[in-house]
Amino acid sequence: MHDLVGLRSEMVKRSVVTTAEVLTGPIRGRNKTHLVTGYVHKPYPPIYANLARHSGFDSALLVRGVEGGVIPSLRQPGRAFHFSGEGELEGKDFNPSELDIDQPVRAVPFPDGIPLIKKRGSAEADKPDADVAAGMAATLGMAALAGEAGAFRDGLVYSGGMCLWHLGRVDTIQKGAEWVRSVLDSGVALARFKD
């Protein structure tokens, strides 16, 4: 499978392997297993839902996320689809402003200052140093876990609130977002991560 990683760059599009790998569910819960995944194109939710059911997931939350991720745009209304058990696939609209998220960006911006790496003897464009980018992302993530305000924290609040709502831990995404925000701001999330 790893040998197919370069296929994505050559195709420029998401390959069937990228879709199927999400649905293999190599780790399964003792009682239930839930899928949370992102999509971009509008026809995908019913397809992903059928694949998730076939793969044995007890529920699925399919988020129209930025670049196919699980975090919706931080500055405009979004949409997700979900099912639980044998229930129907249902759509849900939401708005970051309803969660007290007010960002001028749709996603966490790529940090400034990442050095570029040029492949020797290659005509490919310079690429950001992945190790430096990963370190900067980890720093931003740790700050968000410590409750530091910003787009990274808001993304955690948004997606976490959606997950809590989907799993029935809260009855609205707003309540889920409040819960996630309180856990981040109290330092509990960071403490749990460091344990």
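The values are calculated or read from the model by the stated rules, or taken from the named source; none is laboratory data. All of these numbers come straight from a predicted model, not from anything done at the bench. Cβ sites come from the backbone with ideal geometry, for glycine too, and all protein chains shown count toward neighbours.
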Quick check on F110: is it under 22 Å from P45 (Cα atoms) and either surrounded by fewer than 18 Cβ atoms within 10 Å (Cβ to Cβ) or modelled with pLDDT under 95 (or both)?
no
Segment 178-195 - residue that is part of a helix (DSSP H, G or I) and of a type in the set (G, A, S) and, of those, surrounded by the most Cβ atoms within 10 Å (Cβ to Cβ)
A189
Search result, residues across segment 51-64 that are of a type in the set (K, R) and part of a helix (DSSP H, G or I):
R53
Look at segment 140-170 and say how many of its residues are without any contact (Cβ under 8 Å) to a residue 12 or more places away in the chain, more than 19 Å from R64 (Cβ to Cβ) and surrounded by 15 or more Cβ atoms within 10 Å (Cβ to Cβ).
3
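Conditions tested, residue by residue: (1) out of contact with any Gly (no Cβ under 6 Å at 6 or more places or on another chain); (2) charged (D, E, K, R).
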{"position": "N95", "(1), (2)": "yes, no"}
{"position": "R106", "(1), (2)": "yes, yes"}
{"position": "L116", "(1), (2)": "yes, no"}
{"position": "D129", "(1), (2)": "yes, yes"}
{"position": "L156", "(1), (2)": "yes, no"}
{"position": "G160", "(1), (2)": "yes, no"}
{"position": "C163", "(1), (2)": "yes, no"}
{"position": "A177", "(1), (2)": "no, no"}
Being among the hydrophobic types (A, V, I, L, M, F, W, C) and part of a helix (DSSP H, G or I) is the filter; apply it to segment 65-114 and report the residue that is nearest to the chain's Cα centre (by Cα).
V66
Any residue at all in segment 56-69 that is within 26 Å of G141 (Cβ to Cβ) and out of contact with any strand residue (DSSP E or B) (no Cβ under 7 Å at 6 or more places or on another chain)?
yes
Taking the condition of being of a type outside the set (A, V, I, L, M, F, W, C), modelled with pLDDT of 95 or more and over 17 Å from P96 (Cα atoms), how many residues in segment 57-83 meet it?
3
Against the condition surrounded by 12 or more Cβ atoms within 10 Å (Cβ to Cβ), in contact with a helix residue (DSSP H, G or I) (Cβ under 8 Å, 6 or more places away or on another chain) and either farther than 16 Å from A177 by Cα or at pLDDT 95 or above (or both), how does P96 come out, does it pass?
yes
Specify which of the listed residues (G68, G78, G38) is in contact with a Lys or Arg (Cβ under 9 Å, 6 or more places away or on another chain), surrounded by 15 or more Cβ atoms within 10 Å (Cβ to Cβ) and without any contact (Cβ under 8 Å) to a residue 24 or more places away in the chain.
G78
